[in-house]
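The values are calculated or read from the model by the stated rules, or taken from the named source; none is laboratory data. Here the structure is a predicted model, which means the values were calculated and not measured. Glycine gets a Cβ as well: all are built from the backbone with ideal geometry, and neighbour counts include every protein chain shown.
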Amino acid sequence: MNIFRERIVESINNETLQIALDNNTERRLKGRATAFESIPDWRERRQRAHKVRADVIDHLDEYLAQFIAKNKENGVIVHRAKDSAEAIQIILNIARQTSARLIAKSKSMVSEEIELNHALEKEGIQVIETDLGEYIVQLRNEKPSHIITPAAHLRKEQVAELFHEKLGIPYTIDIPTLTATARKVLREVFLNADIGFSGVNFGVAETGSVCIVTNEGNGRMVTTVPPVHIALMGMERLVSNLDDLSLLLSLLPRSATGQKLTVYTQLLNKPLADQTRHLVILDNGRARLRDPALSGVEGSPLKESLYCIRCGACLNACPVFRELSGHAYIGKDKSIAPYPGPIGSIVSPGLLGENFVHLAQASSLCGACKDACPVDIDLPKLLTRVRAGQAAEGRRKTEEGAGLSPVTKFGLQMYTRLATHPKLYAVSQKFASLGSYLISPHSQWMRLPALTGWGYSKDLPRFAGRTFRERWIKNDVLVNKMKAPATDKKDSSAASHSFPQSDINPVEQFTKELTALGGHVYQTHNPTQGIIEFLKSRGLDKILLEPNTLDESLLQKAGIGFTHETDPEILVGVTNALCGLADTGSVLEADGALHASLLPEIHIAVLKSNDILPSLSNAIDLVKDKKAAVFITGPSRTADIEMTLTIGVHGPKEIHVFVDDSISG
Amino acid sequence: MTTVQLFITCLTDSFFPQTGEAVVDILHRLGINVDFAREQTCCGQPQFNAGLRKDARAIAEHTIKVFENAIGDIVTPSGSCAHHFRHNYLELFEGDSTWLPRAKAISERVFEFTEYLVDKLNITDLGARWDGTLTYHPSCHTLRGINVDRQPRALLANIHGATLVDLPNAEECCGFGGVMSVEHPELSAEWLKRKISNLEASQAPTLVVTDAGCLMHIAGGLSRQKKSQRVMHIAEVLNHQ
């Protein structure tokens, strides 16, 4: 048995893992289905998203040039890396120039692909993963087992053991306590890090914006607090403009976590004051996947895999992943594939070659992944192409039947001989029939040994004594009494999906959505007065205040202290929202409001009722002239431990929005 | 009189000839003349799915030659073979100016059996009778490969006397996957276990499928576990009077 199959058996026999995986699958599938109900036109969006991604990949060089030029204009330092070694070198150089000792890192699958942490640690630089799930697997010296929920393979008892042992807290399986512990430890990391490091969900060619979507707030911390920010992205992760971005953002979080929008949808344009931003754009085999001239394989067979937006929906839908989790997807050299699941079994061999080609054989081609894909990638077709040896290794195709066991390959090739010679085929059917009667004279079923594969869990039917083709000779031109065909009166067409348009006004819809996420909304004619009352009711008397947000003389009279300077000790931040989104309950914050909406435990936003817009697509242009902006959708949260929703990770635990309706009318 | 070609499929031919007979019976009753080209063998799907494209091409070329001069639509009691003709033949011969048009001409003539009845003949009531409870497993390639689902369900809904119940998590693969069931027997076994426990939960004694692959796989699992439920191809159920 090969090493991959051994690993499969280990996973299947690991009861704890199986429970964790079933949990992940069930909750994710349900969450996704529910989230898509709110966009009845999702099928059409999915087709548009496919076209948007296809267009980007077909014109990648032009879009990259535009994106890079725009970033340079925006004051971002841009680097291009051909492969892992170059990317690591670039990042090491930045670390050396800034004499960095500590790097706070948010999730980046590309950094896993190039094995960045290991390289940095070898140079004596401490790297701390700050996504809760990533932090957990880092403490366990493991790799993430899922691209969205890195600790999906663990149960809370294992996390409790780990935190007890490594962080010295008393053993507890209370998930909010575990999360609060991580928040406390990692808060110090954010404040002391020399460099913040992040991945990139999308780059926008037209504006140069870097879009990062997160829930916990660590993505905002690493891009906002440390003096240097490094963003690492795969070169294919571009969209042409902000409209296309908002289309993809309507699909990505729904597919990934079942959210309409993630808590934090950030758009970074220019570095903040006193901040340096580096953008590292990685090729590492991507150009080869899309360009026949580089791959030596005609027609770029795996090009479509570059459309992927890394939502992880295909992992959750995949019955193979459900048994294995990411750690079982291993190469011939036993290293864990950076990308697991259906898309991983294509891009891991596609980017990294021969070592991972056998992964594609572990699939029934059932197509659940294709159905789940928000950009409609034909994953089963691509899997058959990897099997057909079309994942290029340098300039060489791998062999046909890649990853197939020699016995099966030989058997199929023999079968080809028979199937192309009908007479021989019919004779062999007779032999098979005779053989199966000898093996099993008294039963319709044959019990074959487990080593045949088939015999492992099922019996094989006996070959028919008389095949259909033999019976056909006897039955030739069998004409029964003809019946007139019954006509079909029933309308069997699928029920059309019509969803009642909501009649509620934007403020009500906004309130409903944000309240559902655990946020609070108050309507008021005088936000300053409302906020003073709120603060008093909570016994709070000091706020971090965005300038020009509240009536400051009124605050003074009420005895509320305020400052405009960032101070991580203050518990309340008050900001002015540029707009609200009715369909998701989000508020848009930018530039001067970024710290006040992130560092304190309580975030209060003032929003004018007239500024509530229907949806992200109506608001996305507002970010154009900002240095950085973030759509905030509810309080900071995580589901990294056993998929249990926990509020308040790195960002605020509470969000209160005061809707100012004094000028509406 | 309309004539159709029957593509029997290798599994049905060798293991379940009675399914083929049921297909022929039903079509005859509807006044359709059925022709069976005796040179046919296999569509080449196992080779294609395993990644052996050269082999898959050789079989596809043979099959194209067998059917290209035969009259009428090609009807097959298998969603996965229909999927193979319809989609994979185009992939196999992509860029081949001699074979692609020939492959395309064939692929456009192929219909899965229930799809043919409902979409081409506009028939959903075959006057079939069944005493007892039935449940339906949508085979992956029928459901997601060629988007055929309302057709078999409509046909089943019109069986007189039968009670149709839902199979929990019906859309999950049974774990056959052709070569996968041999290459990765451990994975295949887990899915099969789940499918069988869902079948038990449905409490239906009879499971209906549209593909000999799933039939052989699920029935083989039931036999190994000594369960009493049985699996039947939809053609046999629809032919029951």
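May I ask you to say which residue of B:HIS84, B:HIS28 is surrounded by 18 or more Cβ atoms within 10 Å (Cβ to Cβ), facing chain A (nearest Cβ under 10 Å) and not small (Gly, Ala, Ser)?
Answer to the selection: B:HIS28.
Mind listing whichever residues of segment A:346-394 are part of a helix (DSSP H, G or I), farther than 23 Å from A:GLN47 by Cβ and in contact (Cβ under 8 Å) with a residue 40 or more places away in the chain?
Answer for segment A:346-394, where residues must be part of a helix (DSSP H, G or I), farther than 23 Å from A:GLN47 by Cβ and in contact (Cβ under 8 Å) with a residue 40 or more places away in the chain: A:PRO349, A:GLY350, A:LEU351, A:LEU352, A:GLU354, A:VAL357, A:HIS358, A:LEU359, A:ALA360, A:GLN361, A:VAL386.
Is it true that A:ALA49 is of a type outside the set (Ser, Thr, Tyr), at pLDDT 95 or above and under 18 Å from the mean Cα position of the chain (by Cα)? Talk me through it step by step, then tell me what you get.
On the way: of a type outside the set (Ser, Thr, Tyr): yes; at pLDDT 95 or above: yes; under 18 Å from the mean Cα position of the chain (by Cα): yes.
Here the answer is yes, as A:ALA49 does meet what is asked.
Which ranges mark the helices (runs of 4 or more DSSP H) fully within segment A:245-332 that have 1 or more residues being touching a strand residue (DSSP E or B) at 6+ places or on another chain (Cβ under 8 Å) and more than 25 Å from A:CYS211 (Cβ to Cβ)?
Helices (runs of 4 or more DSSP H) meeting the threshold: A:286-290, A:292-295.
Test A:LYS30 against the criterion of being free of Cβ contacts under 8 Å to residues at least 60 places away in the same chain, outside the structural domain of A:PHE356 (by TED's automatic domain parsing) and surrounded by fewer than 18 Cβ atoms within 10 Å (Cβ to Cβ), and give yes or no.
No.
It is to be established whether one or more residues within segment A:416-432 are among the small types (Gly, Ala, Ser) and at the interface with chain B (Cβ under 8 Å from one of its Cβ atoms).
yes
Pairs under 6 Å by beta carbon, first residue touching a residue at least 60 places away in the same chain (Cβ under 8 Å) in segment A:75-94, partner part of a helix (DSSP H, G or I) and buried (at least 17 other Cβ atoms within 10 Å of the Cβ), six or more apart or different chains?
A:VAL78/A:ILE68; A:VAL78/A:ASN71; A:HIS79/A:ILE90; A:ALA81/A:ALA87; A:ALA81/A:ILE90
In segment A:534-553, how many are outside any strand (DSSP E or B) and among the β-branched types (Val, Ile, Thr)?
Going through segment A:534-553 one residue at a time, the tally reaches 1.
Can you name the number of the only condition in (1) surrounded by fewer than 17 Cβ atoms within 10 Å (Cβ to Cβ); (2) modelled with pLDDT of 95 or more that A:SER457 fails?
(1)
Somewhere in segment B:103-112, is a residue without any contact (Cβ under 8 Å) to a residue 60 or more places away in the chain and hydroxyl-bearing (Ser, Thr, Tyr)?
Yes, the conditions are met somewhere in segment B:103-112.
Can you name the number of the only condition in (1) more than 10 Å from every other protein chain (Cβ to nearest Cβ); (2) crowded, with 20+ Cβ neighbours inside 10 Å; (3) among the small types (Gly, Ala, Ser) that B:SER181 fails?
For B:SER181, the exception is condition (1).
Need at least 3 residues that are touching a residue at least 40 places away in the same chain (Cβ under 8 Å) and assigned by TED's automatic domain parsing to the domain that holds A:SER617 per element, so show me which strands (runs of 3 or more DSSP E) inside segment A:554-604 make the cut, counting only ones lying wholly within it.
Of the strands (runs of 3 or more DSSP E) lying wholly inside segment A:554-604, those with at least 3 residues that are touching a residue at least 40 places away in the same chain (Cβ under 8 Å) and assigned by TED's automatic domain parsing to the domain that holds A:SER617 span A:579-581, A:586-590.
Restricting to segment A:403-443, name every residue that is part of a loop (DSSP other than H, G, I, E, B) and surrounded by 14 or more Cβ atoms within 10 Å (Cβ to Cβ). Steps first, answer last, please.
The first filter runs over segment A:403-443 and keeps only residues part of a loop (DSSP other than H, G, I, E, B), leaving A:403-405, A:420-421, A:440-443.
Hits for segment A:403-443 are A:GLY403, A:LEU404, A:SER405, A:THR420, A:HIS421, A:SER440.
Yes or no: A:ARG45 more than 19 Å from A:VAL200 (Cα to Cα) and in the same structural domain as A:ASP244 (by TED's automatic domain parsing)?
Numbers: more than 19 Å from A:VAL200 (Cα to Cα): yes; in the same structural domain as A:ASP244 (by TED's automatic domain parsing): yes.
Spelling it out, A:ARG45 is indeed more than 19 Å from A:VAL200 (Cα to Cα) and in the same structural domain as A:ASP244 (by TED's automatic domain parsing).
Which condition does A:VAL159 not pass, out of (1) more than 21 Å from A:ILE195 (Cα to Cα); (2) of a type outside the set (Lys, Arg); (3) surrounded by fewer than 16 Cβ atoms within 10 Å (Cβ to Cβ), if it passes all the others?
Against the list (1) more than 21 Å from A:ILE195 (Cα to Cα); (2) of a type outside the set (Lys, Arg); (3) surrounded by fewer than 16 Cβ atoms within 10 Å (Cβ to Cβ), A:VAL159 comes up short only on (3).
Pick from B:ARG153, B:ARG144: which is within 11 Å of another protein chain (Cβ to nearest Cβ) and crowded, with 23+ Cβ neighbours inside 10 Å?
B:ARG144
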